[in-house]
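Down below is the structure, laid out as structure tokens.
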Amino acid sequence: MSATAIPATTSSGQPVLILKEGSSQTRGNEAQRNNLYAAKLIAEIVKSSLGPRGMDKMLVDSLGDVTITNDGATILKEIDVQHPAAKMLVEISKTTDNEVGDGTTSAVILAGALLEKAEDLVNKDVHPTIIVDGYRKAAEKALAILDDISVKVKPGDKAALNHVAQTSMQTKLVADNSAELASLVVDALLQVADKTDDDKYKVDIDNVKVEKKPGGSTDDTKLIKGIVLDKEVVHAGMPKRIEDAKIALINSALEIEKTEFSAEIRINDPSQMKRFLDEENSMLSAMVDKIESVGANVVICQKGIDDVAQSFLAKKGILAVRRAKESDMTKLARATGGRIVTNLDDLTEKDLGAAQLVEERKIETDKWVFIEGSKNPKAVTILVRGGSQRVVDEAERSIHDAVMVVKDVLENPQIVAGGGAPEAEISSKLREYSNKLSGREQLAVMKYADALEVIPLTLAENAGMDPIDTQVEIRAKHGQGKKWFGINVTTGKVSDMMGDDVVEPSAVKGQILRAATEAASMILRIDDVIASGKSKAPAGPPGGMGGGEY
């Protein structure tokens, strides 16, 4: 029997197994060292992808599908992480992505740096709880400093939003097209944003639909003030283009419903058969007449449309699309101002949505329906194009990040400079603050300040700058009170990032600080890892034929 378990013996010296067979336990320093090492490795993986000069990673999954990206959350999602402590860092990148959309790489790198600095203290016999308390104090102070240095912008200030979106895209594959794409993203979000009472905005990013299609180049990416459906017009006889469209959004099938229980109809005479078919046709015809009578010339149906109904619609010159996704129906209602009708009998003229143009267009090999030009669409589509599937996928990820950062600034109109400037400033102020503390917590706050410098230093390293010279220079500038000095990777110098229009939302920086501190604190408090053994495969069928072990 091989089991590493908590040592316990009876009075006669007989060992007592507390854990099940095959379980293993790592305790004390060894457990801590393992966890810190695993977490630091994860941070090391994404470190080289930080910033505009960061490198991309090529990830190949078990099926051979390739992803090329430098988006921290995507990298960590795609690599199959097994170690439980490393998984915690993967989780913080996911949360940061969902919460603010950008800064995923920074959050992981900062968490790794906090653990690396904590390791120095653990090796000097500082108790992990004291480090955690010090880190918590430092994080609270860091958030207060961040709030203090943040610049308030006018809600909906287009220039500031453009700079924020551009900064987010500068670090991605689409950096060359960042100016055009940034203005697309800003226009899209200002279009769908709803103003709240206190003059701020509320944004539901689900109302910005991102459709992607390889072909053309990234320059061909367009904002469509309406919705693109990846469906084609159902019948060849229907018009492919309708101007001044009146759109009926129907959530019921334009078909004869089958009975729920099995029924049979006995027909003795051919004329009865004809009457039966005519009745079906007249029911379908009545449905189409109803649609025509309210003035609709476009039908978007969430369910099926019977072949006969299709030909009736075609005869009346009505364009129809069937089996639209529920999410698209909701977006269409917001984009066209229509109402989704569940029962066809309830359809009235007031329920119709309006659009200047509904048209089927060929995109590469597929036919898609474009619904655009509503008066004030509250849902829009960004159609992403690019040279290949990989390029389009990465462009979509970049646009997602840009959409999220613009949303952050619309909802919380505060910005800070990029290029590691806020981290360097908070680090400088935390050092001053640590001098007022006494005891070992002071050491933890100092280490927190050191860890924050990892962001500007990694940016400098990735840009081929000398990390030591950079560290000295950036500390000197912040010591002189130049709070917006950071790493300008394009010039390879330390300069005023606010003046260079490199700006980021304060919300992203706040999320990075909170997420990294929480993850590091959680990992530091673990001193015992108990892993249960792998469960064995069940034995085969009785009779000894299963090939199991006996």
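The values are calculated or read from the model by the stated rules, or taken from the named source; none is laboratory data. Remember, it's a predicted structure, so these values are computed and weren't measured experimentally. Ideal geometry is used to build each Cβ from the backbone, glycine not excepted, and the neighbour counts take in all protein chains shown.
Of all residues in the stretch 177-186, which are under 20 Å from residue 419 (Cβ atoms) and touching a residue at least 24 places away in the same chain (Cβ under 8 Å)? Scanning the stretch 177-186 gives a single hit, 182. Among the candidates 244, 230, the residue that is under 14 Å from residue 322 (Cβ atoms) and at pLDDT 85 or above is uniquely 230. Among the conditions (1) surrounded by 24 or more Cβ atoms within 10 Å (Cβ to Cβ); (2) in a loop (DSSP other than H, G, I, E, B), the only one that residue 375 does not satisfy is (1).
Only one of the numbered conditions (1) more than 22 Å from residue 393 (Cα to Cα); (2) in contact (Cβ under 8 Å) with a residue 60 or more places away in the chain; (3) surrounded by fewer than 19 Cβ atoms within 10 Å (Cβ to Cβ) is not met by residue 199, and that is (2).
Of the strands (runs of 3 or more DSSP E) lying entirely inside the stretch 483-525, those containing at least 2 residues that are free of Cβ contacts under 8 Å to residues at least 60 places away in the same chain and in the same structural domain as residue 137 (by TED's automatic domain parsing) are 493-496.
Can you pull out the residues in the stretch 426-444 that are of a type outside the set (Lys, Arg) and surrounded by fewer than 18 Cβ atoms within 10 Å (Cβ to Cβ)? Even if it seems obvious, please write down each step before you answer.
Filtering the stretch 426-444 for residues of a type outside the set (Lys, Arg) gives 426-428, 430, 432-435, 437-439, 441-444.
Of everything in the stretch 426-444, those that are of a type outside the set (Lys, Arg) and surrounded by fewer than 18 Cβ atoms within 10 Å (Cβ to Cβ) turn out to be 432, 435, 437, 438, 439, 442.
Quickly run through the stretch 63-80 and pick out the residues that are assigned to a loop (DSSP other than H, G, I, E, B) and modelled with pLDDT of 85 or more. If the condition is that a residue be assigned to a loop (DSSP other than H, G, I, E, B) and modelled with pLDDT of 85 or more, then 63, 64, 65, 79 are the ones that fit.
Taking each residue of the stretch 137-149 that is among the aliphatic types (A, V, I, L, M) and looking for partners that are buried (at least 17 other Cβ atoms within 10 Å of the Cβ) and not in a helix (DSSP H, G or I) with beta-carbon atoms closer than 8 Å, six or more apart or interchain, yields 146/416; 149/416; 149/483.
Taking the listed residues 396, 423, the one that is at negative phi, crowded, with 20+ Cβ neighbours inside 10 Å, in a helix (DSSP H, G or I) and among the charged types (D, E, K, R) is 423, with no other qualifying. Hey, can you tell me all the residues within the stretch 226-250 that are over 19 Å from residue 380 (Cα atoms) and of a type in the set (Lys, Arg)? Correct list: 240, 241. Before we move on, is residue 154 assigned to a loop (DSSP other than H, G, I, E, B) and among the basic types (Lys, Arg)? Here the answer is yes, as residue 154 does meet what is asked. Number of residues in the stretch 76-106 that are touching a Ser or Thr at 6+ places or on another chain (Cβ under 6 Å) and over 19 Å from residue 511 (Cα atoms) equals 1.
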